[in-house]
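These notes are about the structure you will find just below.
What follows draws every value from the coordinates through simple rules; no lab data is involved. What you see is a predicted model; the values in this text were computed from it and never measured. With ideal geometry, Cβ positions are generated from the backbone for all residues, glycine too; neighbour counts draw on all protein chains shown.
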Amino acid sequence: MPDTPLLQVTGLNGGYGGKPVLQGVDFHVNEGEIVAIIGRNGVGKSTLMKTLIGLLPNQRGTVHLRGQQIDNLSAHRRARLGIGYVPQGRDVFPRMTVLENLLVGQSISGRKIDGMLEQVHGHFPILQERASQRAGTLSGGQQQQLAIGRVLMGGPSMVLLDEPSEGIQPNIVQGIARIMVDLNARTGLGVVFVEQNLDMIRAMAQRCYVMDKGRITASLTRADLDDQDRLRSYLSV
Amino acid sequence: MVDSLNLVFSFLYQFGDAFAFLVLSACGLAVIFGMMGVINLAHGEFIMCGAYVSTRAAHAGVPMPLAILLGAACAGIAGMIVELLVIRRLYQRPLDTIVATWGISMIVTQGMLILLGPSMQGVGTPFGSFVVGGYSYSVYRIILMLSAVATLAVLWLMFTRTRFGLLSRATIQVPHVAEALGVNTNLVYSVTFGLGAALAGLAGGLYAPTMTLVPTMGASFMVEAFVTVVVGGADIFLGTAPAALILAVIKAGLTSWQGQLAGQIGLLIAVIIVIRILPRGISGKILRERG
């Protein structure tokens, strides 16, 4: 039977009022896939992520999660269907402790998942070491690990990562990529990530969409991703 | 020796009394301002609501402590209704919330005047008094002081030890991310506004036996409430509580030295000085230094 995709986006228009940034975005993510969305600055990648989770309204088009239309739901209701959103710039809760930040992420499932805190600590040991430290005092890389750990606490079926490599040391970028690939392989976690960092794209993505001027303009396979020059041409000005 | 001990006791009593009044009048306003950025000019009317409901209940034979809690609960429910009907539409427009809540305040005071007349019979202050060094002190005032401390303690536990506290702190700090993590932020705001209104109602219920019940009685709490919140800043524990401590020392000191009027003037001068030095209040200063 033809499987329902995990995420199906059709003709999505949206943005900050006035002229829409998104001009009819179409793409899909299958169950258990890691899909990258690449493109230059200002083509609407972050706007797309915010519109998917519901922080920005869509003016036209639809978003379906496992066949259920979600674009008419508020952000917290979409999250509760199992979408973990990791915003650009991390946006940890700065005056709360690392542990408290993680506990907020349980809201995605609406309950405490047994053993999940230990699993998250296993992926990101620094979050256990710094459990009682205020999140605002962590380094950028530590905050990124916290922002990812925070959504994993809710046991999501897919995560949206907005520029996870931004402002982070290369070794931490590789570490995060490894954990996402591992989680995907073990649990079938679906991942959509917006990225400009070639290493991270190549380390994580199984497929890739190219975005330009508010539209998806190309779809790349894993084999295409090995063509460094071609990839670079989509990202450079 | 005995005389100076009496003086110390008298000052401590005045200080405790001022502290209790500042904390209880301010904490509802502080919760709503600190958590939601809404300046609630109808704060006094929620206090009045608590006072009227608890007094009515007491007249009807409900035991005093229960009557006070009932007043707080009714003010809280009224607060949630006001949040749903009015405040929710104005979250991005803080100045408009001032006008809207001011309007609600006037409608409610005038409406009460029409419906229930210019005053309502009180219940009288319970528990009588005790004498120290020739001066007589009210037992009920001591209960008010303990209530203020208990209120702060309960709020602290609520914000640091409960799921609601966790989610509400997340919601103040980065609202859109809290929402995107599955937190129903509208519900958090609604409950927070209701909590602030209930705290106002609690203050009204607690002070109802000590004052004349008139529809405009909320106004007599407003100066202290605003002075405390302005001096304290947005955080109730880092701000409101220490501000109330400092202001209570000023007020009690000036009152026992030069009388009530001097105490009030002292409060207003203190707030002017604080605004000059710490525009975001005590807690704004602490939070900025912590980074």
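Over chain B, dividing the summed -39,500 (n - 2.57) contributions of all DSSP H runs of at least 4 residues by the number of residues returns a 222 nm mean residue ellipticity of -25500 deg cm²/dmol. The sum of -39500 (n - 2.57) across all DSSP H runs of n ≥ 4, divided by the residue count of chain A, sets its helix-only mean residue ellipticity at 222 nm to -10000 deg cm²/dmol. Here is the size of segment A:10-69 from its Cα atoms: Rg then Dmax, 11.5, 36 Å. Rounded to the nearest 0.05, the FRET efficiency derived from the C-beta distance between residue B:85 and residue A:187 at R0 = 45 Å is 0.50. The mean number of partner chain beta-carbon atoms within 10 angstrom of a residue's beta-carbon across peptide B:204-211 is 0. State whether segment B:2-290 is rounded, prolate or oblate according to the following rule on the C-alpha gyration tensor (a ≥ b ≥ c being the square roots of its eigenvalues): a/c under 1.5 gives rounded; otherwise a/b larger than b/c gives prolate, and the remaining case gives oblate. Oblate shape, in that a/c is at least 1.5 and b/c is the bigger or equal ratio. Ranked from largest, the principal axis spans of the Cα set of segment B:115-185 equal 61, 41, 15 Å. Indicate the helices, whole DSSP H runs only, in chain B that combine a mean Kyte-Doolittle hydropathy of 0.0 or more with a Cα extent along their long axis of 30 angstrom or more. Those that pass (Cα extent of 30 Å or more, hydropathy at least 0.0) are B:2-36, B:64-85, B:94-116, B:139-161, B:185-207. Counting only Cβ charges, +1 for Lys and Arg and -1 for Asp and Glu, the dipole size of chain B around its Cα centre is about 480 debye. Residues A:12, B:157, A:65, ranked from the fewest to the most other C-beta atoms within 10 Å, line up as B:157, A:65, A:12. Legend: mean number of C-beta atoms from other chains within 10 angstrom of residue C-beta atoms, peptide A:78-90, equals 3. Rounded, prolate or oblate: pick one for segment B:1-96, where a ≥ b ≥ c are the square roots of the eigenvalues of its C-alpha gyration tensor, a/c under 1.5 means rounded, and failing that, prolate if a/b is larger than b/c, else oblate. The shape class here is oblate.
Rounded to the nearest angstrom and listed largest first, the equivalent-ellipsoid semi-axes of segment B:249-291 from its Cα gyration tensor are 28, 10, 5. Taking every residue in A:4-11 and counting other chain Cβ atoms within 10 Å of its Cβ, the average works out to 0. A simple packing score, the average count of other Cβ atoms within 10 Å per residue, orders the peptides B:6-12, B:250-256 as B:250-256, B:6-12, with the highest score first. Averaging 1/r over each pair of different alpha-carbon atoms in segment A:1-105 and inverting the result gives 15.0 Å, the Kirkwood hydrodynamic radius.
If you take the Cα centroid of segment A:164-182 and the Cα centroid of segment A:62-78, the two points sit 28 Å apart. Whole-percent P(r), segment B:158-251, all Cα pairs, 5 Å bins from 0: 3, 11, 16, 19, 18, 15, 10, 6, 2, 1.
For chain A, the Kirkwood hydrodynamic radius from C-alpha pairs, put into Stokes-Einstein at 20 °C and a viscosity of 1.002 mPa s, yields a diffusion coefficient of 120 µm² per second. By the rule of a C-alpha distance below 25 Å, with chain neighbours fewer than 8 residues away ignored, the lysines paired with residue A:45 are A:19, A:213. Between the listed residues A:73, A:30, A:59, the Cα displaced farthest toward the positive end of the dipole of segment A:1-119, a dipole computed from Cβ unit charges relative to the Cα centre, is found at A:59. For the protein assembly as shown, the convex hull drawn through the C-alpha positions has a volume of 191 cubic angstrom per residue. When B:109, B:228, A:221 are sorted by how many other C-beta atoms sit within 10 angstrom of their C-beta, beginning with the fewest, the order is A:221, B:109, B:228. Of the residues B:136, B:230, B:90, the one whose Cα sits farthest towards the positive end of the charge dipole of chain B is B:90 (charges of +1 on Lys and Arg Cβ, -1 on Asp and Glu Cβ, taken about the Cα centre).
Just tell me which aspartates and glutamates come within less than 12 Å, Cα to Cα, of residue B:285; anything on the same chain fewer than 8 places away is out. Qualifying aspartates and glutamates at Cα under 12 Å: B:235. The C-alpha atoms of segment A:167-237 occupy a region whose extents along the principal axes are 33, 27, 23 Å, arranged from largest to smallest.
The ellipsoid that matches the Cα gyration tensor of segment A:82-220 has semi-axes, each √(5λ) in whole angstrom, of 25, 17, 14, with the longest given first. Taking the average, over residues, of other Cβ atoms within 10 Å as the packing measure, peptides A:137-143, A:34-40 rank A:34-40, A:137-143 from highest down.
Classify segment A:113-165: rounded, prolate or oblate, from the alpha-carbon gyration tensor (a ≥ b ≥ c, eigenvalue square roots; a/c under 1.5 rounded; otherwise prolate if a/b is larger than b/c)? Taking the square roots of the gyration eigenvalues as a ≥ b ≥ c, segment A:113-165 is oblate.
The length gained on full extension between residue B:272 and residue B:163, counted as 0.36 nm times the residue separation minus their Cα-Cα distance, comes to 35.5 nm.
Given segment B:197-268, what whole percent of its Cα pairs are spread farther than 17 Å?
It works out to 52 percent of all Cα pairs.
Packing, taken as the mean count of other beta carbons within 10 Å per residue, orders the peptides B:123-133, A:54-64, A:205-215 from highest to lowest as A:205-215, A:54-64, B:123-133.
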